[in-house]
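S.K.: There's a structure below that I have some questions on.
The values are calculated or read from the model by the stated rules, or taken from the named source; none is laboratory data. Not measured: the values here are computed from a predicted model. Note that we place each Cβ from the backbone using ideal geometry, even for glycine, and neighbour counts take in every protein chain shown. Areas reflect the complete protein model, heavy atoms only, side chains present, ligands, DNA and RNA absent. Shrake-Rupley method; radii C 1.70, N 1.55, O 1.52, S 1.80 Å.
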Amino acid sequence: MNRSATQCVITRRRFLEDSMLAAVLGAASGLSRGQDARDSRAGRPRHVAQAGRQSITVGVVQQAREQELIANRDKIVRFIGQAKARGCRLVIFPEDALGSPVGTSNEDIEKAVDVIRDAARSNDVYTIFCASFVIPGFAPDRLGHCLRVVGPDGRIVLRFNKLICNLPPSDPCRAPGIFQVDGIPCCAMICADRWLRGFEELPVTLGAKILIDCSANARKEWIPEFARYLPVTRALRNNVFSIFCNMGEHPEGMDEPRHGHSTIIQPDGTFATAADDAGDQMLVATLDLSLANGIEARRRHNHPAFKPYWDLGRRLLQGEKVNVPLTEPYTCPQVEITIAAAQMACSRDIPANLERMARLIGEAAENRADVVVFPELAVTGAIAGDVSGADAAVLRDALAKIQSQAREHRITVVFGMPHIEGAKRWNSAFAVGADGKLLTRYDQMVVDRSGNAAGFEEGSEAKSMWFKVKGVPAIVTIGSDARWNEIGELAAVRGAQLLFNLSYDGGVSDAATLLRTQFWVQLASFCTFSATVNAADPRDLARPSDPANGGSAIWEDFNGHRKKPVDSVEVFSQYSACRVVSAGRQEKILYAERTMPKLNPHFGRLVAGRYPHLEPWYHLGAKVIGPDL
């Protein structure tokens, strides 16, 4: 398929036309109709989707990028052929797979794109790849990045530009929504755009079953302690397939160091297939689409506290315009806050647990902590019979004793304990101020404790998670709430500076420990100072409660992606929260101190202005989650 050079020249007008492919016709259509019209005028056949497909074989190419455009073009074409030979219907390449040196013209890039389109057509496969491009009027080295989905007939199904990057002035700055692969709803994102929830998760509300992340992550972005935390948690939050396609290490060092680790994650969080760091390898897996049931996504979207938020996001993604003003974010005094994370071993005896808590409260106060944070169900332990056997009078007495300890030691205390009203029981977190007064009681919204044998009701009020420590806005969450990391983000938009998650996780295997850490690091990655506190191993106690293995941590993410390596953190991560300090299995108090900024910068720095059409979505989310403190 030959095209004249005049068709390949990119002008400002063409930039506008092409970037608007991601916006004009709405996300639900997959943006195909506008391109179909152009294909029809050009005499190209339109591919007909295969309705009802129950599986699809996918190839994920962990490409090593070459220095020259033609070398990358030819490598992509070769892998398309190999993918066809291995039975793939969809082949995916990483960000900047069609890379080129500075000075390459957009005309030459478009000619290479046409060759790739021809390869997709001749092999009858869908192909997703990314290319850099020169932005007219910008410096030659200020390149944009564009993702294209090419159909098996060679037509462009979808094209959009990376938002967290250099953008042409004409770009509509819209999240692209979904596209269809043989009738299968999918969505794609380019690398850092994964931090924009409109790319990563809103498409699931429109039925996306496969989420595709095309990246060129550098080796420094691989954090072994967190491993594949982004695609794994994305799959589990939504119960859909999560594909991470990253650039691999060049065997001859011709590109900057890349970490690879491409993977296809199944909806239950297990690996369909995964790569190491080596470049120029292809993962192949057949995806059983019946597994992509979206159960957890629907649970999140339909929760009464968040349903208005998700409903608005879906409407905005489909093109509706709504004006929701941003509520003024909370500010706070720029004071020093010392967190004490009390990883306590829990007994089956409430009096024994209260004694341990009193001792640890005193120890934290002696170390000049402002707030001490205990695990979920610290008062009763986690055995279902012990939880259900604790009556309201016993729990009220426990609260009074902890209030007395907080008042005596002049320290804020956050802890987990059941709450009973009549015949109903909630898994709750209590925050008691340094004056002994109850600041708040929050009831867990994401109830998930081994089939809920204790009979907990689901909490319905997000606004009760808020309180203040020395005037600093804080929220508390419990256990499985960490899976819904929109809680952390919306709280950050509202102005939260402190975040606490109380856990009593019965998963003590290495895999369970890693998964808990992966959810924690995501929850803590919205410019907050955070403590995630799990129960310690109780085996040395006279009457131990359920098994636990600690691993509690304190996190900091004040500077977001702009942070620089410092000596005062245990694990530095450029693009997530840093782990300041963590514990092993045994009982221990962790300490960390930070000076609080006046404002949480997450929304203004990362979100505002990136995609204006979705800003009202965040504005509503801040209203939904945040009370007037």
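S.K.: Using Cα positions and a limit of under 12 Å, work out the aspartates and glutamates in reach of K321, with same-chain residues fewer than 8 apart set aside.
M.R.: E615
S.K.: Tabulate in residue order the Karplus-calculated ³J(HN,Hα) for region 170-185, using 6.51 cos²θ - 1.76 cosθ + 1.60 with θ = phi - 60°, rounded to whole Hz; enter x for Gly and Pro.
M.R.: Taking θ as phi minus 60°, the curve returns 7, 5, x, 6, 10, 5, x, x, 10, 9, 10, 10, 6, x, 8, x Hz for region 170-185.
S.K.: Here's another thing I want to ask about it. Lys and Arg at +1, Asp and Glu at -1: add these up for the other residues within a Cβ distance under 11 Å of G479 and post the number.
M.R.: Taking every Cβ under 11 Å from that of G479, the sum is -1.
S.K.: Any chance you could run the full-extension gain for R396 through N559? It's 0.36 nm times the residue separation minus the Cα-Cα distance, nm to one decimal.
M.R.: Result: 54.6 nm gained on full extension.
S.K.: Toward the positive end of the charge dipole of the chain, about the Cα centre and with charges on Cβ (Lys, Arg +1; Asp, Glu -1), which of N452, A216, F529 goes farthest?
M.R.: Positive-end residue among those listed: A216.
S.K.: Looking at region 299-400, which trypsin sites (Lys or Arg not before Pro) are in a loop (DSSP not H, G, I, E or B) and have at most 15 other Cβ atoms within 10 Å?
M.R.: Passing sites in region 299-400 are K321, R368.
S.K.: Around T477, which amide H atoms from residues at least 5 apart in sequence, or from another chain, sit under 5 Å from its own amide H, with H modelled in the peptide plane?
M.R.: Residues meeting the criterion, in which the H sits 1.01 Å from N, are F500, N501, L502.
S.K.: Principal axis lengths of region 223-311 from Cα atoms, whole Å, largest first?
M.R.: For region 223-311, the Cα spread along each principal axis is 54, 26, 22 Å.
S.K.: Just flag the GluC sites (Glu not before Pro) in region 249-356 sitting in loop per DSSP whose Cβ has no more than 13 other Cβ atoms within 10 Å.
M.R.: In loop regions of region 249-356 (DSSP not H, G, I, E or B), the sparsely surrounded GluC sites (Glu not before Pro) are E252, E320.
S.K.: Let me ask another. Within straight cross-link reach of K209, meaning Cα distance under 19 Å, which aspartates and glutamates are found once same-chain residues fewer than 8 apart are removed?
M.R.: Hits, sequence-local ones excluded: D182, D193, E200, E201, D268, D288, E296, D311.
S.K.: Now for a different question. Using a probe radius of 1.4 Å on heavy atoms only, what accessible surface per residue do you get for region 115-228? Whole Å² is fine.
M.R.: For region 115-228, the solvent-accessible area averages 23 Å² per residue.
S.K.: Something else now. With a 1.4 Å probe and all protein chains left in place, how much of the accessible area of the chain comes from carbon and sulfur atoms, in whole percent?
M.R.: Carbon-and-sulfur percentage of accessible area, whole number: 49.
S.K.: On full extension of the chain, what length is gained from K321 through A218, given 0.36 nm per residue of separation minus the C-alpha to C-alpha distance?
M.R.: 33.3 nm
S.K.: Here are several values of Rg and Dmax of the Cα atoms in Å: (1) 33.8, 102; (2) 25.7, 83; (3) 31.6, 106. Which one was derived from the coordinates shown?
M.R.: Given (1) 33.8, 102; (2) 25.7, 83; (3) 31.6, 106, the structure-derived one carries the label (2).
S.K.: So the label point goes 7 Å from the Cα of T273 along Cα→C-beta, right? Which residues of region 84-100 then have their backbone N under 15 Å from it?
M.R.: 84-94
S.K.: Near the amide H of R348, under 5 Å away, which other amide H atoms are found, from residues 5 or more places off or on another chain, if H is placed in the peptide plane?
M.R.: Those qualifying (amide H under 5 Å, at least 5 residues apart or on another chain) are R543, S545.
S.K.: Filter the trypsin sites (Lys or Arg not before Pro) in region 582-612 down to the DSSP loop ones having no more than 14 other Cβ atoms within 10 Å, then list what survives.
M.R.: Sparse-neighbourhood loop trypsin sites (Lys or Arg not before Pro): K598.
S.K.: Below 11 angstrom from the Cβ of N501, what's the summed charge of the other residues (Lys, Arg +1; Asp, Glu -1)?
M.R.: Computed value for this residue: -1.
S.K.: Could you give me the ³J(HN,Hα) list for region 124-131, computed from phi with Karplus coefficients 6.51, -1.76, 1.60 and θ = phi - 60°, whole Hz, x at Gly and Pro?
M.R.: The phi angles translate into 6, 10, 6, 9, 10, 8, 10, 9 Hz.
S.K.: Sequence-distant or interchain residues sharing an amide H contact under 5 Å with F572, placed H: which?
M.R.: Result for F572 returns nothing.
S.K.: When the dipole is taken about the Cα centre of the chain, and only Lys, Arg (+1) and Asp, Glu (-1) are charged at their Cβ, what size is it in debye, to the nearest 20?
M.R.: Using only the charged Cβ atoms, the result is roughly 1520 debye.
S.K.: Moving on. Along the Cα→Cβ direction, 7 angstrom out, place labels at E107 and A542. What is the inter-label distance in nm?
M.R.: 8.7
S.K.: Checking understanding here: applying a Kyte-Doolittle mean of at least -1.0 and a length along the axis of at least 18 Å (C-alpha), which whole DSSP H helices in the chain pass?
M.R.: Taking the DSSP H segments of the chain (at least 18 Å long, mean hydropathy at least -1.0), we get 69-85, 106-123, 350-366, 392-409, 510-523.
S.K.: Per DSSP helix of 4 or more residues, -39500 (n - 2.57); summed, then divided by the residues of the chain. What does that give at 222 nm, rounded to the nearest 500?
M.R.: -8000 deg cm²/dmol
S.K.: Let me ask something additional. How many Å² of accessible area per residue for region 345-482, probe 1.4 Å?
M.R.: In whole numbers, region 345-482 has 37 Å² accessible per residue.
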